[in-house]
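Input: a single structure, listed below in structure tokens.
The values are calculated or read from the model by the stated rules, or taken from the named source; none is laboratory data. What you see is a predicted model; the values in this text were computed from it and never measured. Glycine also receives a Cβ, built like all others from the backbone with ideal geometry; neighbour counts cover every protein chain displayed.
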Amino acid sequence: MADKKLMIDTSILIDYFRKTDKTKSRLVSHFREYDKIFISTITEFEIFNGAHEAHKQFWETMLTNLIVLDFNRAAARQSARTVVQLKSKRKSIDKPDLFIAATAIVYGLTLDTLNSKHFIDIENLNLLTNLTNN
């Protein structure tokens, strides 16, 4: 049986962090359904960039449950192609989201986010929200 894999963006982690009843978070649901859950090093940056000192140990522990994928040369090139593709549609995207999407594309992973509007116009990106709405 093949491993079920999913990449999540920062919004999924923040949602988990903020929920009082963690069992109602999308992240807990994903841990039940998927064998491996991935994030990008960009997501790791966003988490620690926004974390208060008192919360850093929480995030350190949380990240031990996730596989962190490097933003590498292939992802950098994919990001550049995505910018061109979006410009042709007169669209743009914030750089961190661009880099997270490119990482998902390069590693061949479906991405889940609570902010699908940030990612919806990116060609070759499999969004979980798109797959579940079809």
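Taking the range 1-45 as the search range and keeping residues that are in a loop (DSSP other than H, G, I, E, B) and small (Gly, Ala, Ser), which one is nearest to residue 115 (Cα to Cα)? Result: 25. Suppose the filter is modelled with pLDDT under 95, touching a Ser or Thr at 6+ places or on another chain (Cβ under 9 Å) and surrounded by fewer than 18 Cβ atoms within 10 Å (Cβ to Cβ); does residue 19 pass it? In short, yes.
Residues that are of a type in the set (Val, Ile, Thr) and touching a Ser or Thr at 6+ places or on another chain (Cβ under 7 Å) are absent from the range 48-63 altogether. Can you tell which of 63, 6 is under 19 Å from residue 104 (Cα atoms), within 15 Å of the chain's Cα centre (by Cα) and modelled with pLDDT under 95? Exactly one of 63, 6 is under 19 Å from residue 104 (Cα atoms), within 15 Å of the chain's Cα centre (by Cα) and modelled with pLDDT under 95, namely 63.
Determine whether the range 66-78 contains at least one residue that is out of contact with any Ser or Thr (no Cβ under 8 Å at 6 or more places or on another chain), among the β-branched types (Val, Ile, Thr) and more than 10 Å from residue 40 (Cα to Cα). Taking every residue of the range 66-78 in turn, none turns out to be out of contact with any Ser or Thr (no Cβ under 8 Å at 6 or more places or on another chain), among the β-branched types (Val, Ile, Thr) and more than 10 Å from residue 40 (Cα to Cα). Identify, please: which residue in the range 34-57 is of a type in the set (A, V, I, L, M) and crowded, with 17+ Cβ neighbours inside 10 Å and is, among those, farthest from residue 12 (Cα to Cα)? Residue satisfying both the conditions and the ranking: 42.
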